Structures are given as C-alpha cells and as structure tokens.
1. Just to check your reading of the model, which residue among 285, 292, 349, 254 is more than 26 Å from residue 186 (Cβ to Cβ) and touching a residue at least 60 places away in the same chain (Cβ under 8 Å)?
2. Got a number for residues in the range 85-100 being in a strand (DSSP E or B), surrounded by 11 or more Cβ atoms within 10 Å (Cβ to Cβ) and not polar (S, T, N, Q)?
3. Just give me the residues in the range 317-330 being touching a helix residue (DSSP H, G or I) at 6+ places or on another chain (Cβ under 8 Å) and either within 16 Å of residue 174 (Cα to Cα) or surrounded by 16 or more Cβ atoms within 10 Å (Cβ to Cβ) (or both), in sequence order.
4. If you check 281, 307, which single one turns out to be β-branched (Val, Ile, Thr), more than 22 Å from residue 234 (Cβ to Cβ) and surrounded by 14 or more Cβ atoms within 10 Å (Cβ to Cβ)?
5. Name the helices (runs of 4 or more DSSP H) wholly within the range 118-220 that hold at least 1 residues that are at pLDDT 80 or above and closer than 20 Å to residue 290 by Cβ?
6. Where in the range 245-296 are the helices (runs of 4 or more DSSP H), entirely inside, with at least 3 residues that are within 25 Å of residue 171 (Cα to Cα), of a type outside the set (Phe, Trp, Tyr) and touching a helix residue (DSSP H, G or I) at 6+ places or on another chain (Cβ under 7 Å)?
Amino acid sequence: MKKMLIICVDTFSHQVKSWNFISLSIFPFVIILTMLGFNLINKTSTTNNNSIGIINETSSNFYTTSSSLSIHNYKNQNFAKKELEGKKIIGYLAVSQKNDRLLVTYTGNNSLSTTTRFRISNLINNLQEKINFKTSKLSNDQKKILQYKPIVIWNFEKSRFNKSFSKELSFTILVLFMFLILVSYSTTTTQEIAAEKGTKTAEIIFTSIEPKKYFLGKILGMLGTVCLQIAVYISGGTIIYQLLFSNYYVYKIIGKYQGIINSIIRNFYSINLVFIVLGIVLFIILAATCGILVKKVEDASKAVQPVLHLVMLSFILAIVIGKNPSTPISIFLSYFPVTSPFFMPIRNIVTHISIMNVLLSALLLLITEIVLLHLVGKNYSRFALAKTSNFFELIGKSK
C-alpha cells in the first residue's frame, strides 16, 4: 500500500506541474474575465458618449429625467460644432419655434441608436405638449383631463424564461466542459502510462511493486489531479463570484443576470458533479488501457484515438439528442456507462428526474469502472511488457 501511495503521489505531482494542468486551470477564468472586461469597456464607452448639445432659440427650457442622456445648452452653433469635433457631445439640436410649433434639426457625426432617438423624441414631444397647453387656452379641469395617463400593469413570466435560459446555458456549458476535459485528460493519461513503454523501466518497477497496485497508483494519481482541477474551478469561481457581485459598478452591469448564474451554479453543485468525476475516471481508465498497448511512447497519440472517438461520439449525441431527454434513446444512453456522464446530468438539468434513477445510473457507471480496473490491473504486467501492440494478441496472451 505504501509503494502504491508513492506511485500515486509521484503521478499526481508530475501532472500538477505540467502545462496541461496549469492551462486548464487558468483558461476558464481568463475567458470569463476577458468577456467581462469587454462588457465593461463597451458599457463605459456607451455611457460616456451620451451627451447632446442644444441651441435653444425658444422661451421654453429643456430638461430630461433620463440618467442615460445629459443635455448641454449652447448659445450659438459655432461653439456646438467645436464640442462635436472634440467628441464631447454625440450631436446637437438646433431648436426654434414657428407659429407655436417647434422646429428641431439634429446634427451629428454618427447615426443614433433607437434608444437614444426615442429619448430625444420624448424630450421634444414633452416640450411641444407644454406649448400646446399654453396656446389652447383650456380650463384647469380640461388640462387635468388631458394629463390623465393609462394604468398599465406588465406581467412577465420572467422566472419561467430565466429557468429555461439557465437550463439551456447549463446544458451548453456541461457538454463543452465534458468534451474539453475528457479530450485533455485522455491524451495526458495515455502519455503518462505509455512513458515506460520501449524501456526497461517497467521490468525494474515490477520487481518491487505488484503491477496491479502500480496501475491503481497511476489511476489514483490522475484522479487526484482531476479532483484538484475541479477544486480549483470551484474555489476560483467562488472568489470571482464574490468579487464581481460585491463591486457596485460591475453589479450594475451583471446584477440582472445573478438569478441565471445562481441557477447554473446549482445545476453543477449537485449529483451532476459526481457524474462528471465518474465520467472522467472512466475515460482515464480507457485511455490508460490504450497507453499500455503502445510499443513506445511516441505512439501514444495514435493509441488514444479510439477513446477520443468515443468522446467525440458522446459529444455529438449529447448535442443532437440531449435536448430531448424524454426520448427512449436518450433514456438508454443515460444509463449506458460510456455515454451516461453526458446524458444523465443533461436529463437531470432539463427534467429533474428522480434521485433513484440518477443513483442507478451512477452505480452502473461505478461498477463498470471497478470491473475495468480489475481486468486491466490483473493483466497490466502482460500488457506493459508485451512486444506487440496488437490488442487481440494481447488478449490471447492474457488468458
């Protein structure tokens, strides 16, 4: 047991120091922070460029209650042009009055967004409305009647929309995450196991430790790396979450999405996380088996292809079929060990199936992994020391 632990720690230490582990740990956070940075820059540039100038030749005053539109009054057009050229304003309005009717001309370098045009139109319409009240000579009672506004109650099924959107987003993140992590760790595991092939290292190692324990030590080392990787994601994600939502300026931008983000987090911090770990372990075992079959370490990239094809097939099936989790084929694939790490979490996110069904699928996956570990570990020395990479010859020799 002590020697197996040494192998486990050595494998774990080697993997944690690798560029693959470091890049996988940093990459998601770089993507999140980059996207947030672009949103902040876009928001800042948008909010900073919301000033308009007004050359008012009427007796009425302009004012706005909108925090997204600021007004600068200018005495003449020449000064307004200079401000426009200096990009201090996005444009200016020349306002005059003819026969109790406003005449407004807008000048700007670029076209305005629909929202900005709507705000400017409201500004002008409110002023025209006041002029109309003055010239119409209505009684106070008539003016009060004209000021009546409709009572409108807006009912949006926001929670239903948010739940649907969060499920869709959780589905996409889960499928992409599983695909990337499985491809990465399958390739890494094959190279790790194949490192001793073509040398006398394996023969020397097997004189001091049982091959099965050596194999289990390697798998446990890789499992430890996976668990540390997930722990980095959880701790890093928690820190970023706390920092973002505790910052006032950032919260103004992403605060409205907090409910969706919380829903996505709940979808991952559940039994689905167990499936993710078990799925990675299964493909690590399969990749390790491929690594044993190579003659030399240079062939590891070729040997891992069957496992990568399984990952690719599961990924494609999840995208095509996963959005309809109630179909018979989707139900079957959620219990089939190779595809259940993709399909059972998807079904659990979309339909919230019973815990007994989830546990049954997890149990089948765990039993498959135990059987594979036993079979491969039992014949590890024969596979590792064999001079051939032909799978059927190796199976024949192991009997």
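The values are calculated or read from the model by the stated rules, or taken from the named source; none is laboratory data. Keep in mind that this is a model prediction, so the values were computed, not measured. Here the Cβ positions follow ideal geometry from the backbone for every residue, glycine too, while neighbour counts run over all protein chains shown.
1. Going through 285, 292, 349, 254 in turn, the sole match is 254.
2. Residues that pass the stated criteria total 5.
3. Of everything in the range 317-330, those that are touching a helix residue (DSSP H, G or I) at 6+ places or on another chain (Cβ under 8 Å) and either within 16 Å of residue 174 (Cα to Cα) or surrounded by 16 or more Cβ atoms within 10 Å (Cβ to Cβ) (or both) turn out to be 317, 318, 319, 321, 322, 323, 324, 325, 330.
4. The conditions single out 307.
5. 158-194
6. Ranges flagged: 258-268, 271-293.
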